[in-house]
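Peer 1: Could you have a look at this structure, given as structure tokens, before my questions?
The values are calculated or read from the model by the stated rules, or taken from the named source; none is laboratory data. These numbers were taken from a predicted model, which means no experiment stands behind them. So basically every Cβ, Gly included, is an ideal-geometry build from the backbone, and we count neighbours across all protein chains shown.
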Amino acid sequence: MRERKHNSVQRSSASDIISAFTVPLFGAALYYSIQFLVIGAFAIFSGQNVTRYSGSISLVYGFILVLILGLAVYLTNKKHPQRIPFKKILKLDFGIGTFFALGLIGVSTLYYNFIQFVAQYVPKVSEAVEDYVEMVSMQGELSFRETILFSVATVVLIPVVEEFLFRGLIQGAYMKVVRPIPAIILSSLVFGMIHVQPIQVGYAFLCGLAIGSIYYLSGNILVAIFVHLVFNFFGSAVVSFWGDRVILMSWLEKIELMSIGIVAVSLVYYYRKKKSIVNGAQNEAES
């Protein structure tokens, strides 16, 4: 009987290791294949210039991915209850999540300022910055309708898609084979690389570390989605509609000095909360 139990653990461990390799690969393949299929469909029905339909494209592939990944999360939790935890978001979570997201915007701004400094001395980095600026400026050329659709996709759908995929499924797969910190780092690397554009890779990796940490510490995928939603709202949607971007950027720069502190305090709060829950469960088990 003991021999059979040991073999079962071995098989389970092998399955977890295989999942740690295959889930990121299948996730990335799904992420890109849906985008390419939607872009291809728009190219066929609307001509070669699909850039002007960026909002519609983002909305369609975002909606499709929400359905597919939502089903994947549902089936995962059906087989392994609470593998990807959903809990009620408390009022305090909304407050801390909002401040955390604003702090994360500050960290991203610091990162971008550092990259601009490096670009003065490294031609390759300078080219990457120019490419990034050109990519962002294209959003400003969209029609009002497409800007609305792009903002809805960015603020509502993309946070759900990316948190289900990168935190729920991919980070969850890594957590089964390595400790939390390496799992967060690995999933953040995948999250960064999926963005492809060099400047985006860097800040996506940093955001992945932060949101991956708050997901692990809060034990709630909805908190991660909310933080991502607020981050995208202020970092993308507001920028798209704000009349004076100079004033907006000066406001963002004001929170730079506070940003690291805000992120740190938020993580400490969730760490202490997680620690108290674990200690309470241990005390209950011992009594």
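Peer 1: Given (1) at pLDDT 90 or above; (2) buried (at least 18 other Cβ atoms within 10 Å of the Cβ); (3) not hydroxyl-bearing (Ser, Thr, Tyr), identify the lone condition not met by GLY70.
Peer 2: It fails just one condition, (2).
Peer 1: Quick one: THR109 ticks every box in (1) among the β-branched types (Val, Ile, Thr); (2) modelled with pLDDT under 90; (3) closer than 18 Å to ALA224 by Cβ bar one, so which box is it?
Peer 2: Status for THR109: all satisfied but (3).
Table: residues versus (1) buried (at least 21 other Cβ atoms within 10 Å of the Cβ); (2) of a type in the set (Val, Ile, Thr); (3) in contact with a Lys or Arg (Cβ under 8 Å, 6 or more places away or on another chain).
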| site | (1), (2), (3) |
| --- | --- |
| LYS176 | no, no, no |
| MET193 | no, no, no |
| GLY202 | no, no, no |
| PHE205 | no, no, no |
| GLY219 | no, no, yes |
| HIS228 | yes, no, no |
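Peer 1: Which pairs turn up if I take residues in the stretch 140-163 that are over 16 Å from VAL227 (Cα atoms) and look for partners that are among the aliphatic types (A, V, I, L, M) and outside any helix (DSSP H, G or I) with beta carbon separation below 9 Å, at least 6 apart in sequence or on another chain?
Peer 2: Correct list of pairs: LEU149/LEU142; PHE150/LEU142.
Peer 1: Quick one: is GLY62 touching a Ser or Thr at 6+ places or on another chain (Cβ under 7 Å) and either part of a loop (DSSP other than H, G, I, E, B) or under 22 Å from VAL136 (Cα atoms) (or both)?
Peer 2: Numbers: touching a Ser or Thr at 6+ places or on another chain (Cβ under 7 Å): no; either part of a loop (DSSP other than H, G, I, E, B) or under 22 Å from VAL136 (Cα atoms) (or both): yes.
Criteria not met by GLY62.
Peer 1: Of (1) surrounded by fewer than 17 Cβ atoms within 10 Å (Cβ to Cβ); (2) in contact with a Gly (Cβ under 7 Å, 6 or more places away or on another chain); (3) of a type in the set (S, T, N, Q), SER143 satisfies all except one. Which?
Peer 2: (2)
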